[in-house]
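K.L.:
To start, I am sharing the structure in question, which I have written as structure tokens.
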Amino acid sequence: MSKLKPLLYVTRTLPQVAQKRLEALTEVEVKQWTGSGTIPSDELNKAVNSADGLLCMLTEKIDSALISSAGKQLKVISTMSVGYDHIDVQAAKDRQIALGYTPDVLTDATADLTALLALSAARRAKEAIDAVRDGKWQKWDPTWLLGSQFTGKTLGMVGLGRIGSAVASRLKPFGFSRVLYHGSQPRPERAEPFNAQFTSFDGLLSESDVICICCSLNEKTRHMFNKEAFKKMKSTAILVNTARGPIVQQDDLVWALNEREIAAVGTDVTDPEPIDPKHPLVGHSRAIVFPHIGSATEETRNLMANMAIDNALAGILGKDLKAPIK
Ligand code: NDP
Ligand code: DGY
């Protein structure tokens with residue numbers, strides 16, 4: 001009797017090119033959640049009980065309860081994302097389950113979207129589009145819809161990692177005279193191309209004209225941007241968040257916009273996701289809210305999915321992962 005193939009469970013239909021590759025795999029049997037929306041928790045529980053490898057999305061909560069309920073055969077969890085705040089890394093380590101993620105391949109797409117949000121928020125793109133749609137565009141007016149520009153200003157980066165560096169390299173040529181960054185420690189090799197100065201969080205808040213949040217979500221960064229932080233920012237400041245929603249205290253953000261503690265926000269992430277369309281942030285004229293599309297290009301999503309497949313296969317076959325979470 002021939003030996004059964006190991007089982008790879010995939011929690012979502014993948015982008016087209018990667019999906020075709022998945023369907024053609026011969027070394028593993030593939031099972032997949034193809035229902036509408038995210039995989040229900042009972043299906044996910046069943047999956048970790050029978051699969052040798054799990055390929056998941058950031059929408060799946062891979063907590064200690066799920067990991068401890070997994071069958072002994074589960075060797076690898078491969079997430080199709082670079083952020084892994086949805087995974088209890090320690091719990092997986094304790095069970096000797098390998099973890100894979102998708103760094104680098106999504107850096108350009110996410111940095112592009114961050115630059116788009118920064119420019120759109122500074123130049124009041126939402127108000128401009130709405131004005132044209134609502135028939136409020138009259139003759140050219142020297143005082144209408146004046147935004148701010150980056151020339152001679154200070155850019156503040158929270159997190160100068162892969163995406164943060166790519167954002168700074170895109171935005172600096174728009175004329176910023178200075179780049180500040182904050183993180184857990186100075187990163188001279190990353191800072192060198194922009195002559196970026198390491199600063200305290202308070203220093204970054206009070207001196208920056210545009211602040212881009214590009215850090216991971218962890219216990220130190222959760223709700224880092226709250227009322228106290230907004231009060232320290234310039235009233236003309238632009239905030240951009242393409243990292244994770246809970247880094248910003250969302251109700252405090254609405255308060256800061258209403259009180260004119262800051263000028264405008266552009267965000268690709270909210271807390272929770274999706275945000276209630278009736279939430280005051282969504283309708284706010286000085287808030288641009290995107291539905292978590294930082295990595296959403298055909299090219300990038302296929303690269304991410306292929307990398308997640310590579311990680312899953314390596315883990316199942318007992319090889320080194322291409323991109324392990326350390
Ligand atoms: P990196 O690991 O390269 O960068 C993470 C950065 O977070 C590092 O610079 C790190 O700095 C910083 N950081 C960690 N803790 C703190 C802290 N306490 N204070 C300030 N900074 C901190 O990851 P990537 O650049 O590849 O990705 C960053 C994040 O972007 C992901 O974790 C993910 O959540 C998000 N993301 C969102 C996307 C979207 O679709 N909107 C797409 C892709 C990613 P240091 O190590 O010096 O502390
Ligand atoms: C990630 O990879 O962490 C993003 O949020 C989605 O691409």
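The values are calculated or read from the model by the stated rules, or taken from the named source; none is laboratory data. The structure presented is a predicted model; accordingly, all values stated were derived computationally and were not measured. Don't worry about glycine lacking a Cβ; one is built from the backbone with ideal geometry, like all the others, and counts go over all protein chains shown.
K.L.:
Restricting to region 167-189, name every residue that is surrounded by 20 or more Cβ atoms within 10 Å (Cβ to Cβ) and either assigned to a strand (DSSP E or B) or over 19 Å from the mean Cα position of the chain (by Cα) (or both).
P.N.:
PHE176, VAL179, LEU180, TYR181, HIS182
K.L.:
Please work out if THR26 is closer than 19 Å to ASN311 by Cβ, touching a residue at least 24 places away in the same chain (Cβ under 8 Å) and not assigned by TED's automatic domain parsing to the domain that holds GLY245.
P.N.:
no
K.L.:
Oh, and also: Among the residues of region 221-246, which ones are surrounded by fewer than 23 Cβ atoms within 10 Å (Cβ to Cβ) and under 28 Å from ALA296 (Cβ atoms)?
P.N.:
Hits for region 221-246 are THR221, ARG222, HIS223, MET224, GLY245, PRO246.
K.L.:
Report, by residue number, each residue of region 280-322 that is on the phi > 0 side of the Ramachandran plot and within 12 Å of ligand 1 (Cβ to nearest atom).
P.N.:
HIS292
K.L.:
Of VAL82, VAL89, which residue is within 20 Å of ILE213 (Cα to Cα) and among the aliphatic types (A, V, I, L, M)?
P.N.:
VAL82
K.L.:
Sticking with this structure for a sec: Answer yes or no as to whether VAL76 is surrounded by fewer than 17 Cβ atoms within 10 Å (Cβ to Cβ) and of a type in the set (A, V, I, L, M, F, W, C).
P.N.:
It is false that VAL76 is surrounded by fewer than 17 Cβ atoms within 10 Å (Cβ to Cβ) and of a type in the set (A, V, I, L, M, F, W, C).
K.L.:
State yes or no: is ILE325 within 16 Å of ligand 1 (Cβ to nearest atom), touching a helix residue (DSSP H, G or I) at 6+ places or on another chain (Cβ under 9 Å) and within 30 Å of LYS20 (Cα to Cα)?
P.N.:
Taking the combined requirement at face value, the residue satisfies it.
K.L.:
Return yes when ALA243 is within 11 Å of ligand 1 (Cβ to nearest atom), in a loop (DSSP other than H, G, I, E, B) and in contact with an Asp or Glu (Cβ under 9 Å, 6 or more places away or on another chain) and no when it is not.
P.N.:
Criteria met by ALA243.
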